[in-house]
Amino acid sequence: MNGPIKFAIVGCGHIGKRHAEMVKRHPEAELLAMCDTRPSGETGADQFGVPVFTELEAMLREMPSIDVVNVCTPNGLHAQQSLMALEARKHVVCEKPMGLSKSECEEVLYKALQVHRTVFGVMQNRYSPPSAWIKGIIDEKRLGDIFIVQVNCYWNRDERYYKKGGWKGSQELDGGTLFTQFSHFIDIMYWLFGDITEIQAKFADFNHAGLTEFEDSGLVQFRFVNGGMGCINYSTSVWDKNLESSMTIIGSKGSVKIGGQYMDQVEVCHIKDYTMPKLAATNPANDYGSYKGSANNHSYIIDNVVDTLKGRTTLTTNALEGLKVVEIIERIYKLKT
């Protein structure tokens, strides 16, 4: 593509405005429009100085020069809005999760192939220095055979987060704790170790009965198709503030633990014949006032979209990987029934 890559944002909440900011800052990107069903004065979309639409169909019809549509709406809308953008022959940047079912994601993937457009998944934790470092360690097989992988995600999500009248907490638009809160960490696990099988799980709703339509905690065990065992232990019932997001890896040639509140610190590195390098600082977490999310790495997402569409690199998270993360969560949740 010659000239700037032209973006439009659908969904003008916290993350949608973050996407808009990153597009505006990029020297080879241009923000053409934004879209949200709510008034622009209410969302703050009017601050970006571009046309603001209330319907995606109208935006696609009236702004034909859009190259990329960034889908930043509630989870349950991601797949259908990605399909609408692809039908209009636009590339898509889709916030996690890509959909709430494997079948939804397959529709998006098939449509992208049909119209020769690219779907970029937003899994920004892949860009954090500890994630990039451990990816290299695993790819180089420095840990030898992988025996055990433990992922712990213990966060606070209380009434300050699940506000009445909002989409978060609903089965239809949110989908569940693993989709909205912890899919980033399932993505990192899949990125490093591949698919899982022989899944067993237990779930509980300790203190979210009046806040959400699904569980707040779970213990999940499985085997990796490529060898080794793993588990995911998660909860949003931690009092007051996030506790940790961590991954512990036990291999035949060493052990590693990446921890901190947002899986942003290498806490243990004990590997045969290996000296831990000094890593670059991790970006701070996205701060939403009363709660915090994953690392603020969205600038790297826009960089990757621009560089990929200009033929300089390949996409960091492709649609098939986004589908696999959704499919893993869907298989875990099927054990609830």
Out of (1) modelled with pLDDT of 95 or more; (2) surrounded by fewer than 21 Cβ atoms within 10 Å (Cβ to Cβ), what's the single condition that is false for Lys292?
(1)
Across segment 205-249, the tally of residues that are aliphatic (A, V, I, L, M) and part of a loop (DSSP other than H, G, I, E, B) stands at 5
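Is there a residue being without any contact (Cβ under 8 Å) to a residue 40 or more places away in the chain, assigned to a helix (DSSP H, G or I) and within 24 Å of Ala8 (Cα to Cα) anywhere in segment 114-124?
First pass over segment 114-124, keeping only residues without any contact (Cβ under 8 Å) to a residue 40 or more places away in the chain: 114-117.
Of the ones still in play, those that are also assigned to a helix (DSSP H, G or I) are 114-115.
With the extra rule that they be within 24 Å of Ala8 (Cα to Cα), the set shrinks to 114-115.
Looking for residues that are without any contact (Cβ under 8 Å) to a residue 40 or more places away in the chain, assigned to a helix (DSSP H, G or I) and within 24 Å of Ala8 (Cα to Cα), one finds at least one in segment 114-124, hence yes.
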What's the total number of residues in segment 1-52 that are in a strand (DSSP E or B) and either among the hydrophobic types (A, V, I, L, M, F, W, C) or in contact with a helix residue (DSSP H, G or I) (Cβ under 7 Å, 6 or more places away or on another chain) (or both)?
12
Look through segment 266-284, keep the residues that are surrounded by 13 or more Cβ atoms within 10 Å (Cβ to Cβ) and at pLDDT below 95, and return whichever of them is nearest to Thr248 (Cα to Cα).
Thr282
Looking at the structure I just gave you, is His78 within 17 Å of Leu56 (Cβ to Cβ) and out of contact with any helix residue (DSSP H, G or I) (no Cβ under 6 Å at 6 or more places or on another chain)?
yes
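The values are calculated or read from the model by the stated rules, or taken from the named source; none is laboratory data. Since we're looking at a predicted model, the values are computed, not measured. With ideal geometry, Cβ positions are generated from the backbone for all residues, glycine too; neighbour counts draw on all protein chains shown.
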